[in-house]
1. I'd like to know if the range 135-156 contains one or more residues that are under 28 Å from His201 (Cα atoms), modelled with pLDDT of 90 or more, acidic (Asp, Glu) and surrounded by 15 or more Cβ atoms within 10 Å (Cβ to Cβ).
2. Do you know which residues across the range 120-147 are in a helix (DSSP H, G or I) and touching a residue at least 40 places away in the same chain (Cβ under 8 Å)?
3. Which of the residues belonging to the range 34-74 are of a type in the set (Val, Ile, Thr) and in a strand (DSSP E or B)?
4. State which residue is modelled with the lowest pLDDT when the search covers only the range 87-119 and only residues that are of a type in the set (S, T, N, Q) and part of a loop (DSSP other than H, G, I, E, B).
5. Within the set of pairs 6 or more residues apart or between chains, which connect a residue that is more than 21 Å from Arg212 (Cβ to Cβ) and modelled with pLDDT of 85 or more inside the range 10-31 to a residue that is aromatic (Phe, Trp, Tyr) and not in a strand (DSSP E or B) with Cβ atoms less than 9 Å apart?
6. For the range 1-22, name all the residues that are closer than 25 Å to Pro170 by Cβ and either surrounded by fewer than 22 Cβ atoms within 10 Å (Cβ to Cβ) or in contact with a Lys or Arg (Cβ under 6 Å, 6 or more places away or on another chain) (or both).
Amino acid sequence: MSRPDAPLLAVRGAAVGHDGRAVLGGLDLEVGPGDVVAVRGANGTGKSTLVRTVLGLGGLVRGRVELFGTPLDRFRDWRRVGYVPQRTAVTAGMPVTVRELVATGRLPRLRPWQRFTEADRCGVDCALEGAGLAGDGHRQLAELSGGQHRRALVARALAGDPELLVLDEPTAGVDAAAQQVLAATLAGLSATGVGIVVVLHEVGPLAPVLTRTVSLGHPTPVPLSGAVG
């Protein structure tokens, strides 16, 4: 059972990598309610590996990862965690509207065979607005640019009302105006107590929102070190 006083995410003395070989070692990180932590580093430094590890997708070589006070291997309440990947298995060529994609973010909160309620529909509307896509719900994914598609993935994660939100390079290919919208959305989430981990190449408009910046070294494993951003 989760501890109410526990960090949303805790990484303790961890090493992460592939096939049992560590890419990064000595990782220690806590993310609490309202924290907005940027993870930065050059390509190949292990940013996405760290994200995959936190999401329970493998990569933990040694050490400990906890979500809401529960060890990662025993954590099951994934509806509390939102994730924005760099890419998605939903291709732009599929006959799916933006709203339909975003609505899938609500599914973990529904009981089997439960229909969408008015609250679910409002959640989708708010998510579209938060990602700067309020007028685009009717559009087909095939009509979107790469940056707009990435914003749709952000909206899908927001629709689930996560307590911990993990975003892997959400600003890549997104124009400055849309980044400003994202920054305002993350600031609003932080103010309500949502903890946020965001992988970034460039901080840009998100700089005022960040509470800490974590830099990953290359090529040798180094500890995560938080610095006020």
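1. Within the range 135-156, one or more residues are under 28 Å from His201 (Cα atoms), modelled with pLDDT of 90 or more, acidic (Asp, Glu) and surrounded by 15 or more Cβ atoms within 10 Å (Cβ to Cβ).
2. We begin by selecting, within the range 120-147, every residue in a helix (DSSP H, G or I); these are 120-130, 141-143, 146-147.
Answer for the range 120-147, where residues must be in a helix (DSSP H, G or I) and touching a residue at least 40 places away in the same chain (Cβ under 8 Å): Gly130, Leu141, Ala142.
3. Within the range 34-74, Val36, Val37, Val39, Val61, Val65, Thr70 meet the criteria.
4. Step one: list which residues in the range 87-119 are of a type in the set (S, T, N, Q), which gives 88, 91, 97, 104, 114, 117.
So of that shortlist, the ones also part of a loop (DSSP other than H, G, I, E, B) come out as 88, 91, 114, 117.
On the way: Thr88: 63, Thr91: 54, Gln114: 81, Thr117: 91.
Taking the candidates together, the pick is Thr91.
5. Nothing qualifies.
6. The initial filter retains those residues of the range 1-22 that are closer than 25 Å to Pro170 by Cβ, namely 7-11, 14, 16-18.
Pro7, Ala10, Gly17, His18, listed by residue number.
The values are calculated or read from the model by the stated rules, or taken from the named source; none is laboratory data. Here the structure is a predicted model, which is why all the values come from computation and not from measurement. Don't worry about glycine lacking a Cβ; one is built from the backbone with ideal geometry, like all the others, and counts go over all protein chains shown.
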